[in-house]
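So the structure is just underneath, and the comments pick up after that.
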Amino acid sequence: MSNIVRWGLISTANINDALIGPIKAAGRSELVGIASRDQAKAEAYAAEKGIPNAYGSYEAMLADPNIDAVYISLPNSLHCEWAVAAAEAGKHVLCEKPLVVSMEEFDQVEAAALANGVTVFEAFMYLHHPQTLAAQKLIADGRLGQVQLVQAWFNFYLPAERTTNIRLRPDVTGGCLWDVGVYPNSLAVTMAHPARPQSIFSSQIVGESGVDVAIRGQFVFEGGAVGQVSSSFRTPFREGAYVVGDEAILHIPEPWKPGVKGVDSVMTLTNRDGSTEQIVTPAVDPYLCEVEAMEACILDGADPVVPLSRSRLFLQCVLAQYESAATGRAVNL
């Protein structure tokens, strides 16, 4: 087996810029191709980004034996189709979140991954970052005591008049929960682990285009812990998280993109006696962390940091939030 993962990008979406540098910087990766539905567009993109090969269709890239893994940055509504196609072509898949938008789609992707012996995982870059892993270790080591509450939010302002923005388009499964809301959703589930959510209640604000522009949810976990999550396109930028235990409180001021700007990440642990401790994580790009995680899966046989079993639970919680917001009732998982 080669000691290098040869990557292809499926689509020319802007989010690719977050991955191109890390793939090129990773020690065991090589960026070899970009695929678009238009050959000329693919060639122009390849020239601009310094990518050797351009493909005028997604199928052409998947047929190339010189591609080992693909990053899928297509609109949400196309993730399932191309994740399945990539798996069936024997390619490993890093798929932008959300991995899929229904349980039926999830079953298709999972079945394709298992049948073809490939790694498929959801691109929650922050879950691969040392800061998040340090927070999980603090909880596992009992530093917070019994976790009682997880609060997390990710909001920014997206003007209503930007109706062509993919985040506001219902035809491609837009909406703030699918876009930024999946982050607090996944963090609440991750920090409460191994307790699983038992019920979810949420409310939403539906925008002019028909998609949710704000949604807030409350999770009740086994053992009684509560998760409170918030996402919105209709407030100034706001991010952060708290994990509250009976021994200490952990504040994570920058949970989603720690290290992206080359600055160390700092969490604060406040103990019951009022003393505080800063937990500093040296700057590292979270997107590089997920690229290296894919390298470890493919080349070393490591387990994914975000296994499909965890992504299934993330999806169940998102769907429960939407169901609760639509019906006005709590949803039992």
- Message: Angle check, please: helix 182-192 long axis (alpha carbons) against the longest principal axis of the chain (alpha carbons), in degrees 0 to 90, nearest 10.
- Response: 50
- Task: Return the FRET efficiency for the residue pair ASP141, ASP264: r is the Cβ-Cβ distance, R0 is 22 Å, and the value is rounded to the nearest 0.05.
- Result: 0.50
- Task: Just need the Rg to Rh number for segment 151-214, please, alpha carbons only, Kirkwood Rh.
- Result: 1.04
- Query: What nm distance separates the two modelled labels at SER275 and ASP246, each placed 7 Å from Cα along Cα→Cβ?
  - Reply: 2.1
- Message: Using each residue's phi in segment 223-232, evaluate 6.51 cos²θ - 1.76 cosθ + 1.60 at θ = phi - 60° and report the 3J(HN,Hα) Karplus result to the nearest Hz, with x for Gly and Pro.
- Response: x, x, 4, 10, x, 10, 10, 9, 9, 6
- By its C-alpha gyration tensor, with a ≥ b ≥ c as the square roots of the eigenvalues, how is segment 1-84 shaped: rounded for a/c under 1.5, else prolate for a/b larger than b/c, else oblate? rounded
- In degrees, nearest ten, helix 79-88 long axis to first principal axis of the chain (Cα): 60
- Task: Please report THR164, THR281 as a ranked list, fewest other C-beta atoms within 10 angstrom at the top and most at the bottom.
- Result: THR164, THR281
- Query: Using modelled backbone amide H atoms (1.01 Å from N, in-plane), which distant-in-sequence or interchain residues come within less than 5 Å of THR173's amide H?
  - Reply: none
- Message: I need the phi-derived Karplus couplings for segment 277-283: 6.51 cos²θ - 1.76 cosθ + 1.60, θ = phi - 60°, integer Hz, Gly and Pro marked x.
- Response: 9, 9, 9, 9, 10, x, 4
- Amide H contacts under 5 Å for ASP38, restricted to residues at least 5 apart in sequence or on another chain and with H modeled in the peptide plane, are none
- Message: If I take the Cα coordinates of segment 185-261 and project them onto the principal axes, what are the three extents in Å, biggest first?
- Response: 43, 36, 16
- In vacuo Debye sum over C-alpha of segment 200-330, base-10 log of normalised intensity I(q)/I(0) at q = 0.14, 0.21 Å⁻¹, listed in q order, is -0.95, -1.27
- In nm, what is the difference between 0.36 nm times the number of residues separating ILE166 and ARG37 and their Cα-Cα distance? 44.7 nm
- Message: Pick from SER275, SER102, SER199 the residue whose mean-square fluctuation is largest in a GNM of the chain, springs joining Cα atoms under 10 Å.
- Response: SER275
- Between LEU333 and residues 5 or more places away or on another chain, which pairs have amide H atoms under 5 Å apart, with H built 1.01 Å from N, and which residues are they? SER199, ILE200
- Whole-Hz couplings from phi, Karplus 6.51/-1.76/1.60, listed for segment 106-121; x for Gly and Pro: 4, 4, 5, 5, 4, 5, 5, 5, 5, 5, 10, x, 10, 8, 10, 9
- Query: What ranking of ASP141, ASP68 emerges when the number of other C-beta atoms within 10 Å of each C-beta is taken as an exposure proxy, fewest first?
  - Reply: ASP141, ASP68
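Every read-out reported here was derived from the displayed coordinates using simple, explicitly stated rules and does not represent laboratory data. These figures come from a predicted structure and were not determined experimentally. Cβ coordinates were reconstructed from backbone atoms using ideal geometry, including for glycine residues, and neighbour counts include every protein chain displayed.
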